[in-house]
Amino acid sequence: MKFFPGCMIHNRYPGIEKSLYYVFENLGISISPLNGSSCCPAPSITKSVSHDLWLEVGKRNIELADNDTIMTACNGCFTTLFEIAEKTGRGDVRHVAEFLYFDVGIDRIRRSITKRLPLRLAVHYGCHFFRPGEYKKFTSQERPNILDELVEAIGSQSVDYRYKMMCCGGGGGVRAGATEVSQDLLEIKLDAISDEDADAIVVICPLCLNQFDNGQKELENSRNKSYGVPVVHYIQLLAVAMGMEPELTGIQWHSISSTDLIEKLVKGEMVEE
Amino acid sequence: MDAELSKTLTRCMQCGTCIGSCFSGRVTALNTRKILMEYMAKGTPIEDHDALWFCVTCYACQERCPRGIPITDIILEARKDLARRKGLPGRLKNAFSYLEKHTAYVPGKEKNVEMRRELDLPVYHSQFDEKARKEVSEIVSRHLKEVIG
């Protein structure tokens, strides 16, 4: 299996990659980096300028894997590579969340952890995990449960909140192209999450992570709103539940840091043999 | 606009499911139902609406459209014309020069490379591999030339 990092994980959130390798090693699945891979490229903003550019760069990334399975941990990379693979009939592309759910399974994940993490978590799927749905047929996009179940498998509680299925406001080039709009959407989402007193927001996409995490800093500066809710990728939590040192997940480098969360991650709740 | 895509627009029955599903539509001037109505009633081109840049491309409208209109795909297609005529909005302008030069929309800086080293991870994105970087950069330049000239 080859890991496709994309720009965000390779260049901003390397702790996601570190966590993924730890989890896969723990599960006995062999995985190595997809050397020389580039930006996927990001589906919406690239298609806003050139569909052919999107297709040619995407194809090159798929060909680099030489028919080996490509593992992604980003909804954007997943969408681009999965869509191109399905359209061209070449390449096997997976998103780590659906891979963990379908191929590893909740039971095995539950058995693989060494400590439970009794946290209240606000899960956010991210639109492009299951949409566009032309090829992504693995889950209901109106009532998905994959991430909720994955979170429960490590002993956490998935809290319900208003606007759970709403976009983070980071997609479609809106974060860069219309920042004000992006912040309006983020504010609605964060207001709803902060009503539920969650320990953290859990995502499965580094673009959503960046939007929630750096976006909170930006809202603090531009609108004087302070939420202080840490944001993590699910694979970072799973790695910790399997025994990895929390600091190897890189969460101390996220914009919103919480000693409270780190303490809870360090401590956990030991699983009895 | 691609002829096949344009043809699907005439299926619209103005039910409003698209705008009812649109989160951006709640906070911006983006009104997908109205854009389609103006297209059908007055022939106003979809690409005449600057608000298309407010679409987060969540695809909820497209997935829920009872007439099977690929609304989000149409928005992305229309953006191409908008971009050609008026350029890209905000910081999106920089994104494509990053992609061309570094083969990454989000290029890594020295401190990011340092983070990878601290975690004992290899540095292997095409941005840092001269042969791969040139190869991808050439593809990007060629397509951008076709678009922007």
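The values are calculated or read from the model by the stated rules, or taken from the named source; none is laboratory data. Since the structure is predicted, the reported quantities are computational estimates derived from the model, not experimental observations. Virtual Cβ from ideal backbone geometry, glycine too; neighbours counted across all protein chains shown.
Output the number of the condition that A:GLU98 fails; it satisfies all remaining conditions of (1) more than 13 Å from the chain's Cα centre (by Cα); (2) of a type outside the set (Lys, Arg); (3) not in a loop (DSSP other than H, G, I, E, B).
Condition not satisfied by A:GLU98: (1).
What about B:ARG85, is it over 19 Å from the mean Cα position of the chain (by Cα) and surrounded by fewer than 20 Cβ atoms within 10 Å (Cβ to Cβ)?
No: the conditions fail for B:ARG85.
Find the helices (runs of 4 or more DSSP H) located wholly in the range A:1-80 whose residues include 1 or more that are in contact (Cβ under 8 Å) with a residue 40 or more places away in the chain and basic (Lys, Arg), and list them.
Of the helices (runs of 4 or more DSSP H) lying wholly inside the range A:1-80, those with at least 1 residues that are in contact (Cβ under 8 Å) with a residue 40 or more places away in the chain and basic (Lys, Arg) span A:14-27.
For every residue, the table says whether it meets (1) among the aliphatic types (A, V, I, L, M); (2) more than 9 Å from chain A (Cβ to nearest Cβ); (3) out of contact with any Phe, Trp or Tyr (no Cβ under 6 Å at 6 or more places or on another chain).
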{"residue": "B:ARG91", "(1), (2), (3)": "no, no, yes"}
{"residue": "B:LYS101", "(1), (2), (3)": "no, yes, yes"}
{"residue": "B:MET115", "(1), (2), (3)": "yes, no, yes"}
{"residue": "B:SER126", "(1), (2), (3)": "no, no, yes"}
{"residue": "B:GLU146", "(1), (2), (3)": "no, no, yes"}
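Within the bounds of the range A:133-148, is there any residue that is under 20 Å from A:VAL231 (Cβ atoms), facing chain B (nearest Cβ under 10 Å) and in contact (Cβ under 8 Å) with a residue 24 or more places away in the chain? Lay out the reasoning, then the answer.
Restricting attention to the range A:133-148, the residues satisfying the condition of being under 20 Å from A:VAL231 (Cβ atoms) are A:144, A:146-148.
Checking the rest, the ones that are also facing chain B (nearest Cβ under 10 Å) come to none.
No: zero hits.
Look through the range A:238-260, keep the residues that are in contact (Cβ under 8 Å) with a residue 40 or more places away in the chain and touching a Leu at 6+ places or on another chain (Cβ under 6 Å), and return whichever of them is surrounded by the most Cβ atoms within 10 Å (Cβ to Cβ).
First, the residues of the range A:238-260 that are in contact (Cβ under 8 Å) with a residue 40 or more places away in the chain: A:238-244, A:248-251, A:253-256, A:258, A:260.
Going one step further and asking which of them are touching a Leu at 6+ places or on another chain (Cβ under 6 Å), we end up with A:240-241.
Working: A:VAL240: 28, A:ALA241: 25.
Per the stated criteria, the residue is A:VAL240.
Any residue in the range A:23-36 that is within 17 Å of the chain's Cα centre (by Cα) and more than 9 Å from every other protein chain (Cβ to nearest Cβ)?
Yes - at least one qualifying residue is present in the range A:23-36.
Would you mind finding the one in A:ALA65, A:ALA97 that is within 14 Å of chain B (Cβ to nearest Cβ) and of a type in the set (Gly, Ala, Ser)? Even if it seems obvious, please write down each step before you answer.
On the way: A:ALA97 fails: within 14 Å of chain B (Cβ to nearest Cβ).
Going through A:ALA65, A:ALA97 in turn, the sole match is A:ALA65.
With the requirement that a residue be in contact (Cβ under 8 Å) with a residue 40 or more places away in the chain and either surrounded by fewer than 19 Cβ atoms within 10 Å (Cβ to Cβ) or outside any helix (DSSP H, G or I) (or both), what does the range B:139-149 give you?
Those that are in contact (Cβ under 8 Å) with a residue 40 or more places away in the chain and either surrounded by fewer than 19 Cβ atoms within 10 Å (Cβ to Cβ) or outside any helix (DSSP H, G or I) (or both): B:SER141, B:LEU144, B:VAL147, B:ILE148.
Pairs needed: first member in the range B:41-66, more than 14 Å from chain A (Cβ to nearest Cβ); second member anywhere, among the acidic types (Asp, Glu); C-beta distance under 6 Å; at least 6 residues apart or different chains.
Between residues of the range B:41-66 that are more than 14 Å from chain A (Cβ to nearest Cβ) and residues that are among the acidic types (Asp, Glu), the close pairs are B:THR44/B:GLU38.
Sort through B:VAL136, B:VAL56 and tell me the only one that's at pLDDT 95 or above, surrounded by 19 or more Cβ atoms within 10 Å (Cβ to Cβ) and either closer than 17 Å to A:GLY171 by Cα or among the aromatic types (Phe, Trp, Tyr) (or both).
Answer to the selection: B:VAL56.
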